[in-house]
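In what follows, a single structure is set out as structure tokens and then discussed.
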Amino acid sequence: MKEVLRWELRSPLNLAMTSGGAVLIGLVMKRYYMTWSASSHGGPYGVDILGSIFRDAFTGDVYLLLALLVPFLVTLAVRLERDEGVALSVYSLPVSRVRILLAKFLAAFLVLFIFVFSVHLLLFYLHFADTPKAVIGVLKVQAIPMAFFYLSALLFMVSVAAVVAIASPNTYVSIFGGFVLLYLPEFLGAGWFWLLKWRDALGNYKWATISLSMDPVFGWEFIKASLLPALVLTALYLLVGNWRDVR
């Protein structure tokens, strides 16, 4: 499985797509920081203020880009070989279908997590580089909760896209269906939508300054809306993928 995962992580197409998506996400975050700085009439900024800005950079526009990027990336990993009938990745060792599916899933998730979270950290540090002590103070407190936030949120999004991809009849349905399931409830303003709970967790940033364990990102409401469904959907993806015949 390690060899399969290594192969998937080195895929030039997946890396190029994720890099392009990360650049777009970085531009959206930079626009958010610039808009906020313009409205606040300049610095200097303290740790309390920058703590909220650091977390609020995960905006609705960032989620929209991820809702587009994730289905594309997961579809390339899960569906493309099935639809074309040609295995782009050749395995010389006997590997079970579940391990191949899991490696593809983990590769898409890891690439997204590394690129997106790194962009978040980099843009925040560069934009507020004039106040290095405040930036470092924010990162010491907020970096771990935000890493867990991205881990949970991206795992959820990848799991939704993976289930759609493995159950779809073709690549086009996979991409469109994944985007619809991820973004349409947010577009319609559905009150039950999970992103609303994500925003609540991000908005209560001051609890992290008291204790990491009190941060809403680690709370049951957020975990129930992101991590738990992700684990269930991942298991469903593996079951369906192992059950379906490969063309």
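The values are calculated or read from the model by the stated rules, or taken from the named source; none is laboratory data. Because the structure is a prediction, the values reported are computed rather than measured. Don't worry about glycine lacking a Cβ; one is built from the backbone with ideal geometry, like all the others, and counts go over all protein chains shown. The protein model used for the area step is the full one, side chains on, heavy atoms only, and it has no ligands, DNA or RNA in it. Shrake-Rupley method; radii C 1.70, N 1.55, O 1.52, S 1.80 Å.
The table below gives the values:
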quantity	calculated
Only listed residue being farther than 21 Å from PHE54 by Cα and polar (S, T, N, Q), chosen from SER118, SER152, SER168	SER168
Any hit, the range 111-118, residues being in a loop (DSSP other than H, G, I, E, B), open to solvent by 10 Å² or more (accessible area, probe 1.4 Å) and closer than 25 Å to MET34 by Cβ	no
Any pair with Cβ under 7 angstrom, 6 or more apart, that starts in the range 219-247 at a residue that is open to solvent by 40 Å² or more (accessible area, probe 1.4 Å) and ends at one that is outside any helix (DSSP H, G or I) and at pLDDT below 85	ARG247/GLY85
Condition broken by TYR32, with the remaining ones in (1) among the hydroxyl-bearing types (Ser, Thr, Tyr); (2) open to solvent by 20 Å² or more (accessible area, probe 1.4 Å); (3) more than 19 Å from the chain's Cα centre (by Cα); (4) at pLDDT 90 or above satisfied	(3)
Within the range 121-138, considering residues that are without any contact (Cβ under 8 Å) to a residue 60 or more places away in the chain and out of contact with any helix residue (DSSP H, G or I) (no Cβ under 6 Å at 6 or more places or on another chain), the one most open to solvent (accessible area, probe 1.4 Å)	LYS133
Matching residues in the range 198-212 - criterion: being small (Gly, Ala, Ser) and at pLDDT 75 or above	ALA201, GLY203
The one condition in (1) open to solvent by 60 Å² or more (accessible area, probe 1.4 Å); (2) modelled with pLDDT of 90 or more that VAL47 fails to fulfil	(2)
Single residue of VAL74, VAL86, VAL138 found to be part of a loop (DSSP other than H, G, I, E, B), hydrophobic (A, V, I, L, M, F, W, C) and at pLDDT below 95	VAL86
Residue within the range 169-178 that is modelled with pLDDT under 90, over 30 Å from VAL98 (Cα atoms) and out of contact with any Gly (no Cβ under 7 Å at 6 or more places or on another chain) present	no
Any hit, the range 157-164, residues being assigned to a helix (DSSP H, G or I), over 15 Å from ARG79 (Cα atoms) and modelled with pLDDT of 90 or more	yes
Members of the range 179-197 found to be touching a helix residue (DSSP H, G or I) at 6+ places or on another chain (Cβ under 6 Å), open to solvent by 60 Å² or more (accessible area, probe 1.4 Å) and modelled with pLDDT under 75, listed by number	LYS197
